[in-house]
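Reviewing the structure listed below.
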Amino acid sequence: MADEKKEAKSFLDKIVESYEWTIKRLERTILFGIRFVIPNKVVSPHGFLGMLTFITFIVLGVTGALLMFYYRPSLTGAYDSVKMINDEIDFGIVIRNIHYHASNLMIFLAIYHLFYQLFSSRYKIRNEIIWVTGVILGTLTIVEAYIGYDLIMNIRAVLAINIGAALTYSTPFIGPVIADIVIGTGFDDLILRIYTLHVLIFPMIMIILFTLHFPRNLVFDPGMVGIIIGALFITSALFPVPLGDKYTPDLPAQVTVPEWYINPLYALLRTELDKFVMGVLLPTLFIMMFMVVPFIDRSKSMKITERPLALGIGISGVLQSIVTTVWGFYVDPDPRKSYVERLAIDPYLFFGVLILINIVSFGGAYLYSKYSKKSPTPPRRTRSEPINISKETIEGIVYAMVITEFFVVGVSLYMYLLGNLTFGLIATGLSLIIFGFISYGIRLITTR
Amino acid sequence: MDKGLYIASVFFIFMGIIGTWLGLFAEISETFYEMTGIALVILILGIAMLPIALFKGGKPPVESFIPIFALLVVGFFTIGWNFVVPAEEAGPTTGVVERIYLLAGEYWFNETNPDIVVSEGSLVEVTVDNVGVVVHSFRVFGVSEDSGNILPGEKVTVSFVAGKAGVYDYICTIPGHVELGMKGTFIIEQSNQTATSE
């Protein structure tokens, strides 16, 4: 880290000295117990998806803390305060949009992280505890996001609350106890309690679990972090999240669907079979299936094609998640049919498709691994041609990007001054993405 | 080129395109709209990862651009096409404006659910006045959008272009109200201009 240039001027020397002074003192803290590795060449984001998830968690923490200033956790005030954040508070809509899209991104990155680790079999290198805490953290993330959007108290939120309450009551033994703790005596209690859970208890549990989940070498790539956060900002600007209709008890039931991460559960419930089995038991089994993977997959090989069980679990997991999520979003659009008729999913068709997916993915995985064992292909080492760009060209591009960066930052600030939040946020996101590419460009220059 | 990252980003871009299309343009089911947020996140994540996947470690082989070209084609015909051709042929109006005033009560429109006849291509403005005591709504199924909830005492105007000639239903979309009788016939007649030109 401290490989600063020796021919630095006296002023720079002082900065370097004070930097080294600070680093020496920081070494006494826990911060340096964790090793942050800033890669010195372009690395695949697959290597640090967990870090990206954590960065999104921090974005959620910051935006969430800002939202806490104006949100009112009560039955009467919740929706109106969110509406006020949306319409009246300066930058309120920006913060809320970033918070919403960051929650989507965090869950998606966590799931992506899970499947990448599964396919690359990282749990084999003494990472079983990291794997198990990771699955718990992923589940907690989804529950955290789920209770988060319940706080808006629009019609979608009440649908989600109803699903959650029905599932809690349907669970034998522990269900009523949890219901007493979380739901209390009604909506007013419920809102305050899930607010406390959302802003304090769940994040605390997650931060404690991070100590059991983080590896000792953390790869921190500023370039990719800039690109991801920039992409998040641009998404937030392009697709402002709708506020929805306020929930009032006298409104008729509207056809609506929950957020995508609990949509598989909604699809299962809409088959109108037993609530407990569909809504609690099957999802728990699905999560448990991932949790026990390191303990049932005992093959020595690290290659995914030689581990049919893990390959089958991975493929069937991906396909089942996609199919149930999309199916959960589908509601028959014909308004002449009754509410119940439109929502119903034919259980034979639904589970037929799911069983077919399982047969195809597990069978396919076994056949594939068997077939690929029969004809062992030697590992092809195709060395790809290096890109021959002269150092001057890269430097030129980096300088151009730096100038563009200043321009874009200026534009974004000007747009905020004008009050055009959409374009301001797009420009901010763009500037972060350009920052990411500048960091990659500098890396290309220094590694030559 | 990083093969694993390349496969992941192409897969994400594909999922993002399909999700955005289902959410915004497909018109299969209105509830797909709620999918758009996550679809855009996946799409942009895929686009952000693609250059790193392609150019990491050296020049990408030429055939790696074939799926990207296919994605561009798929993206254009699902999403881009809607920007090139913004509205369907519902656009050409004859300029005729037909104003219709309906009372909504328990459980009827204008007490007798009269047939509504408009000419093809006219701009229809239906004002629904809820004189009842419960929430109602209005929609010409297959022609107009839903009016949304019309609270008791509220007046809401739904305007739309009468597209293809035919016989449709106008209904109240509150669950159960159609069964109780809030359903009438909405007829779009072929206009004289098109009839004479044939």
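The values are calculated or read from the model by the stated rules, or taken from the named source; none is laboratory data. Worth saying up front: this structure is predicted, and the values here are computed from it rather than measured. All Cβ positions, even for glycine, are placed from backbone atoms using ideal geometry, and neighbour counts span all protein chains on display.
Name the residues in segment B:155-183 that are closer than 22 Å to A:Q254 by Cα, within 13 Å of chain A (Cβ to nearest Cβ) and surrounded by 15 or more Cβ atoms within 10 Å (Cβ to Cβ), would you?
Answer for segment B:155-183, where residues must be closer than 22 Å to A:Q254 by Cα, within 13 Å of chain A (Cβ to nearest Cβ) and surrounded by 15 or more Cβ atoms within 10 Å (Cβ to Cβ): B:D169, B:Y170, B:I171, B:C172, B:T173, B:I174, B:P175, B:H177, B:V178, B:M182, B:K183.
Name every residue in segment B:96-116 that is loosely packed, with under 14 Cβ neighbours inside 10 Å and of a type in the set (V, I, T), in order of residue number.
B:V97, B:T112
Which residues, taken from segment A:221-234, are facing another protein chain (nearest Cβ under 9 Å) and more than 14 Å from the chain's Cα centre (by Cα)?
Those that are facing another protein chain (nearest Cβ under 9 Å) and more than 14 Å from the chain's Cα centre (by Cα): A:G223, A:M224, A:I227, A:G230, A:I234.
Name the single residue, out of those in segment A:413-430 being buried (at least 22 other Cβ atoms within 10 Å of the Cβ) and among the small types (G, A, S), that is farthest from A:G226 (Cα to Cα).
Going through the qualifying residues, I end up with A:G424.
Can you tell me which residues in segment B:95-125 are within 13 Å of B:C172 (Cα to Cα) and not acidic (D, E)?
Of everything in segment B:95-125, those that are within 13 Å of B:C172 (Cα to Cα) and not acidic (D, E) turn out to be B:L102, B:L103, B:A104, B:G105, B:Y107, B:W108, B:F109, B:N110, B:N113.
Residue check, A:P240 against (1) without any contact (Cβ under 8 Å) to a residue 24 or more places away in the chain; (2) assigned to a loop (DSSP other than H, G, I, E, B); (3) crowded, with 17+ Cβ neighbours inside 10 Å, all met but one. Which one?
Here A:P240 meets the rest and fails (1).
Do we find a residue being within 14 Å of chain B (Cβ to nearest Cβ) and basic (K, R) anywhere in segment A:196-218?
Within segment A:196-218, none of the residues are within 14 Å of chain B (Cβ to nearest Cβ) and basic (K, R).
Does at least one position in segment B:121-141 carry a residue that is under 17 Å from A:D334 (Cα atoms) and loosely packed, with under 14 Cβ neighbours inside 10 Å?
no
Please enumerate the residues belonging to segment B:109-154 that are in a strand (DSSP E or B), touching a Pro at 6+ places or on another chain (Cβ under 9 Å) and over 27 Å from B:T94 (Cβ atoms).
Scanning segment B:109-154 gives B:N130, B:H136.
Restricting segment A:114-153 to residues that are in a loop (DSSP other than H, G, I, E, B) and more than 19 Å from A:S316 (Cβ to Cβ), which is nearest to the other protein chains (Cβ to nearest Cβ)?
Ranking the candidates gives A:I152 first.
Does any residue of segment A:314-332 turn out to be crowded, with 19+ Cβ neighbours inside 10 Å and within 20 Å of A:V132 (Cβ to Cβ)?
Yes, the conditions are met somewhere in segment A:314-332.
Keeping to segment B:4-54, report how many residues are in a helix (DSSP H, G or I), out of contact with any Gly (no Cβ under 9 Å at 6 or more places or on another chain), without any contact (Cβ under 8 Å) to a residue 12 or more places away in the chain and more than 8 Å from chain A (Cβ to nearest Cβ).
Counting residues in segment B:4-54 that are in a helix (DSSP H, G or I), out of contact with any Gly (no Cβ under 9 Å at 6 or more places or on another chain), without any contact (Cβ under 8 Å) to a residue 12 or more places away in the chain and more than 8 Å from chain A (Cβ to nearest Cβ) gives 2.
Does A:E392 count as out of contact with any helix residue (DSSP H, G or I) (no Cβ under 7 Å at 6 or more places or on another chain), among the acidic types (D, E), modelled with pLDDT under 90 and under 24 Å from B:M1 (Cβ atoms)?
Answer is no for this residue.
Which of the residues spanning segment A:318-345 are in contact with a helix residue (DSSP H, G or I) (Cβ under 7 Å, 6 or more places away or on another chain) and either more than 8 Å from chain B (Cβ to nearest Cβ) or outside any loop (DSSP other than H, G, I, E, B) (or both)?
Residues satisfying the conditions are A:V318, A:L319, A:Q320, A:S321, A:V323, A:T324, A:T325, A:W327, A:G328, A:F329, A:I345.
Which residues, counting only those in segment A:345-371, are in contact with an Asp or Glu (Cβ under 8 Å, 6 or more places away or on another chain) and either surrounded by fewer than 15 Cβ atoms within 10 Å (Cβ to Cβ) or modelled with pLDDT of 90 or more (or both)?
Correct list: A:P347 only.
Show the residue pairs that are 6+ apart or on different chains and have beta-carbon atoms under 6 Å apart, the first residue being within segment A:287-307 and closer than 14 Å to A:L118 by Cβ, the second being outside any loop (DSSP other than H, G, I, E, B) and hydroxyl-bearing (S, T, Y).
Here the result reads A:I287/A:T139; A:P294/A:Y123; A:T305/A:S369; A:T305/A:S372, each pair linking segment A:287-307 to a residue that is outside any loop (DSSP other than H, G, I, E, B) and hydroxyl-bearing (S, T, Y).
Exactly one of (1) touching a Ser or Thr at 6+ places or on another chain (Cβ under 7 Å); (2) not in a loop (DSSP other than H, G, I, E, B) is unmet by B:M1. Its number?
With respect to (1) touching a Ser or Thr at 6+ places or on another chain (Cβ under 7 Å); (2) not in a loop (DSSP other than H, G, I, E, B), B:M1 is out only on (2).
Given the conditions (1) within 14 Å of chain B (Cβ to nearest Cβ); (2) more than 20 Å from A:A157 (Cβ to Cβ); (3) touching a residue at least 60 places away in the same chain (Cβ under 8 Å); (4) of a type in the set (A, V, I, L, M, F, W, C), which single one is not true for A:A110?
In the conditions (1) within 14 Å of chain B (Cβ to nearest Cβ); (2) more than 20 Å from A:A157 (Cβ to Cβ); (3) touching a residue at least 60 places away in the same chain (Cβ under 8 Å); (4) of a type in the set (A, V, I, L, M, F, W, C), A:A110 misses (3) alone.
Which condition breaks for A:S121 when tested against (1) under 15 Å from A:L197 (Cα atoms); (2) modelled with pLDDT under 85; (3) under 23 Å from the mean Cα position of the chain (by Cα)?
In the conditions (1) under 15 Å from A:L197 (Cα atoms); (2) modelled with pLDDT under 85; (3) under 23 Å from the mean Cα position of the chain (by Cα), A:S121 misses (1) alone.
Given the condition within 30 Å of A:A237 (Cβ to Cβ), assigned to a helix (DSSP H, G or I), free of Cβ contacts under 8 Å to residues at least 24 places away in the same chain and within 14 Å of chain A (Cβ to nearest Cβ), answer yes or no: does some residue in segment B:84-106 qualify?
Scanning segment B:84-106 turns up no residue that is within 30 Å of A:A237 (Cβ to Cβ), assigned to a helix (DSSP H, G or I), free of Cβ contacts under 8 Å to residues at least 24 places away in the same chain and within 14 Å of chain A (Cβ to nearest Cβ).
For segment A:183-205, which positions are closer than 23 Å to A:A65 by Cβ and surrounded by fewer than 17 Cβ atoms within 10 Å (Cβ to Cβ)?
Residues satisfying the conditions are A:L192, A:T196, A:L200, A:I201, A:M204, A:I205.
Look through A:D180, A:D189, A:D245 and report the one residue that is of a type in the set (D, E, K, R) and either closer than 30 Å to A:I345 by Cα or under 18 Å from the mean Cα position of the chain (by Cα) (or both).
A:D245
Quickly run through segment B:96-154 and pick out the residues that are in contact with a Lys or Arg (Cβ under 8 Å, 6 or more places away or on another chain) and among the charged types (D, E, K, R).
Listed by number, the residues that qualify are B:E120, B:E125, B:D129, B:E145, B:D146.
Report, by residue number, each residue of segment A:243-277 that is within 12 Å of chain B (Cβ to nearest Cβ), surrounded by fewer than 15 Cβ atoms within 10 Å (Cβ to Cβ) and acidic (D, E).
Once the filter is applied, which keeps residues that are within 12 Å of chain B (Cβ to nearest Cβ), surrounded by fewer than 15 Cβ atoms within 10 Å (Cβ to Cβ) and acidic (D, E), segment A:243-277 yields only A:D250.
Please verify whether A:I296 is surrounded by fewer than 20 Cβ atoms within 10 Å (Cβ to Cβ), farther than 24 Å from A:W260 by Cα, under 28 Å from the mean Cα position of the chain (by Cα) and within 12 Å of another protein chain (Cβ to nearest Cβ), treating the condition exactly as stated.
It is false that A:I296 is surrounded by fewer than 20 Cβ atoms within 10 Å (Cβ to Cβ), farther than 24 Å from A:W260 by Cα, under 28 Å from the mean Cα position of the chain (by Cα) and within 12 Å of another protein chain (Cβ to nearest Cβ).
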